[in-house]
Structure formats: C-alpha cells, structure tokens
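Everything below concerns the one structure shown next.
FYI, it's all coordinate maths here, none of it is from the lab. What you are looking at is a predicted structure, and each value in this text was computed from that prediction instead of being measured.
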Amino acid sequence: MTIRPICITGNPVLHARAQEVTVFDEALAELVQDMYETMDEAPGVGLAAPQIGVNLRVFVYDWDAEDGSEQRGVVINPTLEISEVPEGEPDWDTESEGCLSVPGERFPLKRANKAILRGLDLNQNPVHIEASGWFARIFQHEFDHLEGILYVDRLIDEYKDEANEIIIERGWGKDGLSWLPGKEKLEG
Ligand code: ZN
C-alpha cells in the first residue's frame, strides 16, 4: 500500500469528468487500498480517484455517523440521486466544507439533505446507500469530483471570489501541484 500525492486545484484531472471503470482487476483493488490509506493519512472523510491523479469513477469515504457507527466504503461507477438543494445563505458553522485538493480552507455551501448512492463495490456487488445530513453531503462532494467539479466551484459569488483570491495567493490553480499526506505540513 502506498500513500499517494493529492492533486491541488488547477491540475486538469480535477476539472474533467472521470471515466467509467471497465476492468475490475488487481490494479483496481490496489488503487482502492491506496485511496483508503491516503484518505486516512490526510486525514479526510472522503477521497475521489481524480484527487490522486487517476481519471476513474471511484471514491472512498469514512464517516463516523451521529449514532456512533462507522460508515466506510468504496463505490465504483456511482450514480447519485439527491433531494432538492435548499436556497438561501449557507451557514458557516453547520455548512462549511473543506477539500483535500484545496487544502487548509473551508467555505460554506448549501447541499441536498438526502442522497441515494448506487454503484458497485470491488467485487462488483451493488452498493445502495441512503444517506442524510453530513453523510449525504460527503457523497455529493465526492460525486462532484467525478464530474470534475470542486466544492469551490459551487460557492456563492462572495465566497467564490474569496476562494479564488486564496488560490491565486498560494500559487495554486495551475497544473502539476500536489501535496503528500504525512510528509508535508499544511499551512493555514
Ligand atoms: Zn474534495
């Protein structure tokens, strides 16, 4: 198993639609293992394959639910059905997200409260999870990665401007930037 470098916003792989997985082989199993390890080391509650430079429709997640249970798994070639995204100003305290590809930053945005995730696991068994609240938010964030969308792309104008300023300030927003969990300390 290997901890893999995480791509930072600007890397084209993060901004393009990822491709369907067609081959379920040892290499895919290894990719998923590396994704778990990288997510755990980061640490993060989710990681999509494009974030480690792999243009495939795969994400992993690890979420300690409100009832104390650990929701941990992988989904391959997912679909995501969501309830309506509420309108209005997002709340800093309860609706702020971060992203390992925009490291060290957080901004609030509205997300649907309910999400139904379907897809396959590594053994090609069906995945079907009905999530709500923060768990549903994780699925929306990770699914977006497979569509080439970062959460900062979804911010309201005020926060999008702020995020863009930070991205420019840090010299992000261009190809070839990454950071390695466990090796490099994040700023901010
Ligand atoms: Zn992310």
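Things to note:
- Mean separation of Cα contacts under 8 Å (6+ apart) over length of segment 53-152, as relative contact order %: 25
- Projection of the Cα convex hull of segment 19-110, averaged over all directions and equal to a quarter of that hull's surface, yields 7.5 nm².
- The count of lysine pairs in the chain whose Cα atoms are under 22 Å apart, excluding pairs fewer than 8 places apart on the same chain, comes to 4.
- Segment 79-188 pair-distance distribution - Cα-Cα, 5 Å bins, rounded %: 2, 10, 18, 21, 18, 13, 11, 5, 1
- Value of Rg/Rh across segment 82-137 [Cα atoms, Kirkwood radius]: 1.08
- Extension gain, residue 92 to residue 17: 0.36 nm times the residue separation minus the Cα-Cα distance gives 24.1 nm.
- Three semi-axes of the equivalent ellipsoid, the chain, Cα gyration tensor, whole Å, largest first: 24, 21, 15
- All Cα-Cα separations within segment 118-165 were binned at 10 Å from zero, giving a P(r) of 22, 37, 27, 11, 2, each value a whole percent of the pairs.
- Extension reserve of the residue 83-residue 174 stretch, reckoned as 0.36 nm per residue once the Cα distance is removed: 29.4 nm
- Amide hydrogen proximity for residue 99: with H placed 1.01 Å from N in the peptide plane, the residues at 5 or more positions away or on another chain lying under 5 Å are 104, 105.
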